[in-house]
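K.L.:
The structure under discussion is supplied below as structure tokens; questions concerning it will follow.
The values are calculated or read from the model by the stated rules, or taken from the named source; none is laboratory data. No experiment lies behind these values; they were computed from the predicted model shown. Cβ placement follows ideal geometry from the backbone for every residue including glycine, while neighbour counts extend to all protein chains displayed. Ligands, DNA and RNA are excluded from the accessible area calculation, which covers all protein heavy atoms including side chains. Shrake-Rupley method; radii C 1.70, N 1.55, O 1.52, S 1.80 Å.
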Amino acid sequence: MYRYFYTVVLGILLGSCSSHTTAIRALKPATITLPDHIQSIGTIDRSMPEKGFSGILEGALTGEQIGQDKRGRQAAIEGFAKTLTQTPRFSIRPIATELTGSKDGSTMSRPLAWTEIDKLCKMYQVDAIAALELFDSDQFFSKSSKNESYKDKEGKEHSRLRYYIDRKMEVRTGFRVYDNVNKDIIDEIVTSGQNSDSGNGLTETDAQNNLRNVYDQVREVGTTSGRIYAQRIAPLYETIHRSFIKKVPTNKDAHEKALNAAKAKDWTKAAEIWNTMASQSTDVKTKGIAAYNMAIVCEAQGKIDLAIDWAKKSYYEHGYKKASRYLVQLKDRKYDLERLEIQMKSRNNT
């Protein structure tokens, strides 16, 4: 039995696309590889704490709203189960069972008995159970104020205080995966995530009221936690954006035609033009850019080895420096594809 414990900081990556950017849909391997015999997984929520009055007292001390953790738990298991339905590796069966877990909600309890796991697996015809075993949220506030100037209706300048409140929401989640075939816990992990919000107003009450709804905030972090764990155990599709180089020193007309062909995903025509430019242009930088764009065309067609060859040509033969970073990305993708082949082996053989 092997187990993993680590911390995940949740974040959002924002990107932009242009007419010279192509989107590639790719299956990304999971962080860990589950055994081949696991073809179906049931998901359950076992994170309901056994806390009564002590839980209410804790909420009063930390500012936690009544029902805050419950909504977060629901979001985490829903985000987890929904994300898992998008993987081609397993079949997923969400189990509408809410089980009691940790006594206080802050630590993972002992694993479920194998008799219970076996009962669930036989009832829902699955090979393994993935359980949310811990969900705990806390919120922390920081307050400040500062003078600001403003003008009244007559245009006279005055000074007043503006109040600021920052709220940080921290969430801890714990997951286990029970392999009912080998009677083994094949993954066990506790993760943490956070989300911040701020409000301001002319009174502390106004500043507080301008914060987001706390339930929305905890649900957002909970959903993201569930999605991240799903990515840990299951191959999932992602969209990769690659940007073609738009300008070249020479062969500008041909280059524009190739860009238009790539925009229309006419890879054959785009490749024909850039291949010619990369081999016949008299300008070395133009050759490097053409080879770079050829690498993107090949990647878009799923020809990773050929894409690597073109990126190498762009960087090593023509000295186009931007190809260096792209070459690393392509090698990472090739490594991912090798891992993916292992993870999908049992599914592809069925």
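K.L.:
Give, as a single signed number, the net charge of other residues whose beta carbon lies under 10 Å from the beta carbon of residue 35, with Lys and Arg counted +1 and Asp and Glu -1.
P.N.:
-4
K.L.:
Among 315, 159, 340, flag the residue with its Cα farthest along the positive direction of the charge dipole of the chain, charges on Cβ as +1 for Lys/Arg and -1 for Asp/Glu.
P.N.:
Of the options given, the answer is 315.
K.L.:
Using a 1.4 Å probe, what is the accessible area per residue for region 85-206, in Å²?
P.N.:
That works out to 53 Å² for each residue.
K.L.:
Continuing with this model, one more query. Among the lysines, which fall within straight-line cross-link reach of residue 151, defined as a Cα-Cα distance under 28 Å, with same-chain neighbours fewer than 8 residues apart omitted?
P.N.:
Leaving aside lysines fewer than 8 places away in the same chain, those within reach of residue 151 are 143.
K.L.:
Checking the a/c ratio against 1.5 first, then a/b against b/c, what shape does the Cα gyration tensor give for region 288-350? Walk me through the numbers on the way to the answer.
P.N.:
Working: a/c = 4.11, a/b = 2.59, b/c = 1.59.
It is prolate, given that a/c is not under 1.5 and a/b is the larger ratio.
K.L.:
Could I ask something else about it? Taking the Cβ of residue 238 as the centre, find all other residues whose Cβ is under 9 Å away and add up their charges (Lys, Arg: +1; Asp, Glu: -1).
P.N.:
+2
K.L.:
What is the distance in Å between the Cα centroid of region 79-158 and that of region 255-299?
P.N.:
47 Å
K.L.:
Averaged per residue, what accessible surface does region 225-285 expose to a 1.4 Å probe, in Å²?
P.N.:
56 Å²
K.L.:
For a quick protection proxy, order the peptides 34-41, 150-157, 214-221 by their average other-Cβ count within 10 Å, most packed first.
P.N.:
Values: 34-41: 17.5, 150-157: 7.5, 214-221: 19.8.
Averaged packing, sorted descending, gives the order 214-221, 34-41, 150-157.
K.L.:
Sticking to Cα atoms, compute the Rg of the chain to one decimal and its Dmax as the biggest Cα-Cα distance, whole number, in Å.
P.N.:
26.7, 80
K.L.:
Carbon and sulfur together cover what percent of the accessible area of the chain at a 1.4 Å probe radius?
P.N.:
49 percent
K.L.:
A further question follows. Quickly rank 192-205, 75-88 as a protection proxy: mean count of other C-beta atoms within 10 Å, highest first.
P.N.:
Ranked by mean Cβ neighbours within 10 Å, highest first: 75-88, 192-205.
K.L.:
Now a separate question. What nm value, rounded to one decimal, do you get for the distance between residue 86 and residue 239 when each label is placed 7 Å out toward the C-beta?
P.N.:
1.0 nm
K.L.:
Multiplying the sequence separation of residue 145 and residue 203 by 0.36 nm and subtracting their Cα-Cα distance, what value in nm do you get?
P.N.:
Additional length available on full extension: 19.9 nm.
K.L.:
Leaving out same-chain residues fewer than 8 places away, which lysines sit with a Cα under 16 Å from that of residue 119?
P.N.:
Result set, ordered by chain and number: 183.
K.L.:
Another one. What FRET efficiency, computed as 1/(1 + (r/R0)^6) with R0 = 51 Å and r the Cβ-Cβ distance, is obtained for residue 27 and residue 196, rounded to the nearest 0.05?
P.N.:
0.95
K.L.:
Quickly rank 240-251, 173-184 as a protection proxy: mean count of other C-beta atoms within 10 Å, highest first.
P.N.:
173-184, 240-251
K.L.:
Rounded to the nearest 0.05, what FRET efficiency is calculated for residue 266 and residue 309 with R0 set to 25 Å and r the Cβ-Cβ distance?
P.N.:
E(calc), rounded to 0.05, equals 0.70.
K.L.:
Projected onto the charge dipole of region 222-318 (+1 at Lys/Arg Cβ, -1 at Asp/Glu Cβ, origin at the Cα centre), which of 229, 300, 261 gives the Cα projection farthest towards the positive end?
P.N.:
Checking the options against the dipole of region 222-318, the answer is 229.
K.L.:
For the chain, build the charge dipole from Cβ charges (+1 Lys, Arg; -1 Asp, Glu) around the Cα centre, then report which of 279, 95, 111 sits farthest towards its positive end.
P.N.:
279
K.L.:
Another question, if that's okay. Over the chain, what is the mean sequence separation of C-alpha contacts under 8 Å (at least six apart), divided by residue count, expressed as relative contact order in percent?
P.N.:
23 percent
K.L.:
Size of the dipole of the chain about the Cα centre, Lys and Arg at +1 and Asp and Glu at -1 on the beta carbon, nothing else charged, in debye to 20?
P.N.:
The dipole magnitude comes to about 1240 debye.
K.L.:
Another question about this same structure. For helix 68-84, what angle does its Cα long axis make with the longest principal axis of the chain, in degrees from 0 to 90 and rounded to 10?
P.N.:
30 degrees
K.L.:
Expressed as an acute angle from 0 to 90° and rounded to the nearest 10, what is the orientation of the C-alpha long axis of helix 53-62 relative to the principal long axis of the chain?
P.N.:
Approximately 60 degrees, to the nearest 10.
K.L.:
Using alpha carbons only, how many degrees (0 to 90, rounded to 10) separate the axis of helix 114-124 from the longest principal axis of the chain?
P.N.:
60 degrees
K.L.:
Okay, next question. Using Cα positions and a limit of under 18 Å, work out the aspartates and glutamates in reach of residue 156, with same-chain residues fewer than 8 apart set aside.
P.N.:
Within the straight-line cut-off, residue 156 pairs with 148.
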